[in-house]
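Q: The structure follows.
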Amino acid sequence: MISALHPTAVPVPRPVHLAGPEGEDLLGTPFFVMGFAEGEVLRDREQLAAVPEPGRLARHLMRCLADLHEVVLPLLCVPFS
């Protein structure tokens, strides 16, 4: 999913490597490596309440959701059943 979304306007980290079943030999489970994504992770209500410009954060979230909804699904190569 990250590989499919990275070239779009949706802000996701750069995919570096996907180790599918072969990852099990290394870590015991499939895994992926991704680049760094700028920003902060708000983990609790106190951190969210401390955001200096909540309106700006809300607009950014809405823009990200709108960008996500503009992605053409067949490009994602995700099987839907």
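Any read-out appearing in this document is the output of simple, stated calculations on the displayed coordinates, not a laboratory observation. Remember, predicted model here, so these are calculated numbers, not experimental data. Counting neighbours? That spans all protein chains shown, and the Cβs are built from the backbone with ideal geometry, glycine included.
Q: Once fully extended, how much extra length lies between V51 and M34, figured as 0.36 nm per residue of separation less the alpha-carbon to alpha-carbon distance?
A: Gain in length upon complete extension: 3.5 nm.
Q: Something else: Please give, to one decimal in nm, the separation of the simple spin-label points placed at A19 and A4, each 7 Å out from Cα toward the Cβ.
A: 2.5
Q: Helix 54-70 versus the longest principal axis of the chain: what angle, 0 to 90°, nearest 10, using Cα atoms?
A: The helix 54-70 is inclined about 40 degrees to the chain.
Q: Between [x] 50; [y] 40; [z] 37, which entry matches percent of Cα pairs over 21 Å apart as derived from the coordinates of this structure?
A: Answer by label: [x].
Q: Given Cβ point charges of +1 (Lys, Arg) and -1 (Asp, Glu) and nothing else, what value in debye, to the nearest 20, does the dipole of the chain about its Cα centre take?
A: On the way: 6 positive and 10 negative charges, 69 e Å.
The calculation lands at about 340 debye.
Q: Right, next: Within 10 Å, count the other beta carbons around each residue, average over each peptide in 63-71, 4-12, and list them highest first.
A: 4-12, 63-71
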